[in-house]
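The values are calculated or read from the model by the stated rules, or taken from the named source; none is laboratory data. Fair warning: this is a prediction, and the values are worked out from it, not measured in the lab. Note that each Cβ is placed from the backbone with ideal geometry, even for glycine, and that neighbours are counted across all protein chains shown. SASA here: full protein model, heavy atoms, side chains in, ligands and nucleic acids out. Shrake-Rupley method; radii C 1.70, N 1.55, O 1.52, S 1.80 Å.
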Amino acid sequence: MLLTFVRRGPSKVEESLMVINWVFWQIGSGPYLGGGFGHFYNYAPIKIKYAIDRFSMETKRQLDVLERRLSGKDGRGGGKYIVGDQYTIADMMIYPWYGVLTQGKLYGNAVEFLQVGRQTQPHCGIRPITRASSNRSTAFYQ
């Protein structure tokens with residue numbers, strides 16, 4: 001995926017670096033959402049309050065980072081997608097985890113438990129290919 005991005009990604013160096021930063025953010029953050037929060041909240045046979053609370057706080061922090069980015073509160077402008085108004089590989093990698101979570105399609109009633117107020121990345125979910133792939137991934141996890 002990253003090689004495809006390098007060949008076809010944004011033409012500006014600053015935007016390209018921002019996309020790569022967000023790709024690596026997802027790679028580093030995803031395990032806390034899926035392997036941490038998702039496991040202890042939804043799949044673990046024994047519910048451990050400390051683990052659920054710890055990974056819930058981290059998931060909320062990650063959602064806040066995304067919300068600040070998309071709304072422009074991080075000082076970088078914001079836009080329809082993670083890097084401005086261009087749909088990039090960063091959106092393709094982040095949406096199936098965080099966008100689907102905020103829509104209430106991942107980990108049962110996690111969206112209520114996490115008290116997610118609004119949908120993260122609403123524009124990514126509108127794209128037919130994104131919608132099709134996220135529908136397949138949520139069917140896999142249910």
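Annotations
- In region 79-103, the residues that are under 21 Å from GLY36 (Cβ atoms), open to solvent by 20 Å² or more (accessible area, probe 1.4 Å) and part of a helix (DSSP H, G or I): MET93, PRO96, TRP97
- Hey, ARG76 surrounded by fewer than 17 Cβ atoms within 10 Å (Cβ to Cβ), of a type outside the set (Asp, Glu) and under 16 Å from ILE20 (Cα atoms) or not: yes
- Condition check for VAL23: under 15 Å from GLN86 (Cβ atoms) and either modelled with pLDDT under 90 or over 20 Å from the mean Cα position of the chain (by Cα) (or both): no
- All conditions in (1) part of a helix (DSSP H, G or I); (2) modelled with pLDDT of 85 or more; (3) over 21 Å from LEU101 (Cβ atoms); (4) out of contact with any Pro (no Cβ under 8 Å at 6 or more places or on another chain) hold for PRO45, with the sole exception of (1).
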